[in-house]
Amino acid sequence: MLAQVLFSGLALGSIYGLVALGFAVIFKATEVFNFSQGMLVVCGAFLAVTAISVLQMPFAMAVAFILVGSTVIGVVIHIFLIQPLSGRPMLAVIMVTIALSMVLRAIIEMIFGPQGRNLTTPLPTGVLMLGDVRISQLHLTAALVSWACMAGFGAFFKLTSVGLLMRATADSHEAAVVSGVNVNVMNRLAWAIGSMLAAIGGVFLGQLQIASTDLENIGLLALPAVVIGGMQSIPGAIVGGLLVGVIEQLAASYISPKSSDIFIYGLLLVILMVRPWGLFGQRELGRV
Amino acid sequence: MNSQNTDSKKFSTKWLWLILAAALACYLPFLLTDRSIFGVRLSNMQLLNLGLTQINLMLIAMLGSLSLNYLTGNAGLISIGHAAFYAVGAMTGAVAGTQWGWPFPLVLVLAGVVGAIAGLIAGLPSLRVRGLYFVLSTFAMHYIVSFSFLEYQFKFFDVVGVPYEPAKLGSFDINTPMRWYFLLLPLVILVYWGLKNTMSTREGRAMMAMRDHELATTSVGADVRILRLKAFAFSSAIASVAGAIYAFYMSNVNAESFGIQFAIQFIAMIIIGGMGSLNGALVGAALWLLLPSIIAGFASQVTESSGAIKFLLVDNRAQFVQVIFGSMVIVLLIFAPGGIVGIGAQIRNRMAANRKQS
């Protein structure tokens, strides 16, 4: 029982970690606390519905469609909503992302109807038995793909020159501008990556459950994940995601399905009080 | 001599406006109940499809937006947990009103006290964390309160929700929209007037100074920690009373009534109306609560037509309203951070400048 719960917790946690990673990339680059990350997850799920159920694309083409679509969404959000608000107070930026998710939710419900849609992909859906543990192949695929994406983006940030420029921009906007980095392009890229990672998470969540706008609430679990892990830290986001996934599954199967929220957000509150910079983050020194 | 003259003129016109507004406010419920003005019948569309129920809900929402505006606009503390205080008030109402059978006014007082205590507790993280981290702590608090509400609801009641007795003042039943209106209107005016006066006291000014520059405020001898807690307790007490009233007005609420959407709507209201302005909070709440019903009124006119208008107004009205509000928030944030009241002030200034020139 415990092993079973831990497996599904880690598998779901990997997806949360992926979404949280996207969130952290956006936050690091543009200092925008993106409350619409949950809705970007939903967008991913519905891009998949569009490509697979509506347009009947072959799977490889559908994947490309989802990745390109989510990139475009991220870039458009940055150009039209985030860039005009740069340098404005925090509430304005937070609220614009909240308003954005209101609009996106309404538009998606207008197009696809308020009920959810079933999402079926050619990904394997069988069950493997490992001793007593039932391992759903879909969970396993989701976890593996998530880890591959995380590793891929980790390598991208560490090894490529664009990754270096992005890290430099996140570190200090002014220094990057002075060195001739086009900061806006870097920020747009960060939004594209954040949106793309959310969309990949959305495809799996949409298939594990059902593609509906209620996936937003699951996508929003990336928020506590990021804060618990440490907002400035990329590994922190992943570990935070795993932790949230495991806590959620443990609470849901041993206590009650509704009680997972209180454990996750309770932990968030404790972390905020004790270690506001998160498990892996760097302590921020206050300016006096 | 001249300036004194204009002053007294200004003074008398101000009173004239106030009396006119009071008369209008007293006449409004009769207009909306009888659907006629001085005996002349009005069509539904001439009344913009508004009923007294919407007006009452608007007045309750105004309590919430006023209190959030006090907290966010004046004290500079952002809270995504304002629905939680509504929930606290509703829970207090259920315990004291439904379970213990306390009279309605006492329940409201208790809701205020419990709300203040809850606000004090919720404000505690503000002693330790700032800015974004504090916003997150209110976000976490929201989920904790709504879980408690859910547990409470399922422990003592059922899945339908928590029922409330009809509200009574002594032996006087508050059972019609008209009676609610005349209970809520003075309450909103009282809160408005109270907050207006609070802002011009020493503490109120210190609070706004804290919003603008914390360190400078500390340096002139104001304890910002105490100020923050006070702002939080005061604001949540009002929100909690509003929550109890909301629960009694709806006569049945459940945990889903106070979701995160409920909290977000108050932030949207004060942004649409104008952050930091009491009138803005009122305008925002009015727009948020009345526009859907006005759009529904238009929708009933266009059932014959087809195409895009029918798609938006009839089939997807709820979503259409959300798109309007969402875009309104976005557009106002980008182009007019002062909200509708800010735009109004700008237009007034420009007109005054033009008048001076001519």
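Observations
- In a reduced charge model with +1 at each Lys and Arg Cβ and -1 at each Asp and Glu Cβ, the range B:51-357 shows a dipole moment near 1040 debye about its Cα centre.
- Between A:Leu159, A:Pro89, B:Val314, the Cα set farthest toward the positive side of the dipole of the protein assembly as shown (charges on each charged residue's Cβ, about the Cα centre) is that of A:Pro89.
- Centre separation in Å (Cα based) which lies between the range B:220-295 and the range A:55-96: 30
- Residue-averaged beta-carbon neighbours from other chains (10 angstrom radius) around B:331-341: 3
- Taking every Cα-Cα distance in the protein assembly as shown and sorting them into 20 Å bins starting at zero, the pair-distance distribution P(r) comes out as 17, 50, 29, 4, 0 percent.
- Eligible aspartates and glutamates near B:Lys356 by straight Cα distance, threshold 20 Å, same-chain separation 8 or greater: B:Asp7
- Square roots of 5 times each gyration tensor eigenvalue, C-alpha, the range A:45-110, largest first, Å: 29, 14, 7
- For chain A, the alpha carbon convex hull comes to 139 Å³ per residue, rounded to a whole number.
- Reachable lysines from B:Lys230, criterion Cα separation under 29 angstrom, eight or more residues apart if same chain: B:Lys196
- The 3J(HN,Hα) values that the Karplus relation (6.51, -1.76, 1.60; θ = phi - 60°) gives for the range B:277-292 are, in residue order, 10, 4, 5, x, 4, 5, 4, x, 5, 4, 4, 5, 8, 8, 4, x Hz. Gly and Pro appear as x.
- Considering only B:Gly344, B:Ala87, B:Leu290, the residue lying farthest towards the positive end of the dipole of the range B:51-357 is B:Gly344, judged by Cα position with unit charges set on Cβ.
- Compactness of the range B:116-233, expressed as Rg and Dmax over alpha-carbon positions, Å: 19.5, 54
- Taken along its principal axes, the alpha carbon cloud of the range B:51-357 reaches lengths of 59, 57, 37 Å, longest axis first.
- Distance from the range B:183-202 to the range B:102-119 (C-alpha centre basis), Å: 18
- For the range A:214-288, a crude dipole built from +1 on the beta carbon of Lys and Arg and -1 on the beta carbon of Asp and Glu, taken about the Cα centre, is about 340 debye to the nearest 20.
- For B:Lys310, the aspartates and glutamates whose Cα comes closer than 19 Å to its Cα, not counting residues fewer than 8 places off in the same chain, are A:Glu109.
- Residues whose amide H lies under 5 Å from that of B:Lys168, counting only those 5 or more places away or on a different chain, are B:Phe104, B:Ile174; hydrogens are built 1.01 Å from N in the peptide plane.
- Using the Karplus relation 6.51 cos²θ - 1.76 cosθ + 1.60 with θ = phi - 60°, the per-residue 3J(HN,Hα) values for the range A:202-218 come to x, 4, 5, 5, x, 7, 5, 10, 7, 7, 9, 5, 6, 4, 3, 4, 6 Hz, with x marking Gly and Pro.
- Each listed q (0.23 Å⁻¹) maps to a log10 I(q)/I(0) for the range B:91-134, found by the Debye formula over equal Cα scatterers with no solvent: -0.71.
- Whole-number D in µm² s⁻¹ for the range A:72-133, Kirkwood Cα-pair radius fed into Stokes-Einstein, 4 °C, 1.567 mPa s: 84
- Based on Cα contacts under 8 Å between residues 6+ apart, the range B:51-357 shows a relative contact order of 32 percent.
- Relative contact order %, chain A, counting alpha carbon pairs below 8 Å whose residues are six or more apart: 37
- Cα centroid separation, the range A:110-138 to the range A:162-189 (Å): 39
- Charged-residue dipole, Cβ positions (Lys, Arg, Asp, Glu), chain A about Cα centre, Debye nearest 20: 280
- Peptide A:28-37 is shielded by partner chain Cβ atoms: per residue, an average of 1 of them sit within 10 Å of its Cβ.
- Comparing B:Ala75, B:Ala216, B:Ala296 in a Gaussian network model of chain B (Cα springs below 10 Å), the most mobile by mean-square fluctuation is B:Ala216.
Computed from the coordinates by the stated procedures, all read-outs in this text should not be read as laboratory data. Small disclaimer: the values here were computed from a predicted structure and weren't measured. Reconstructed Cβ throughout: ideal geometry from the backbone, glycine too, with neighbour counts over all protein chains shown.
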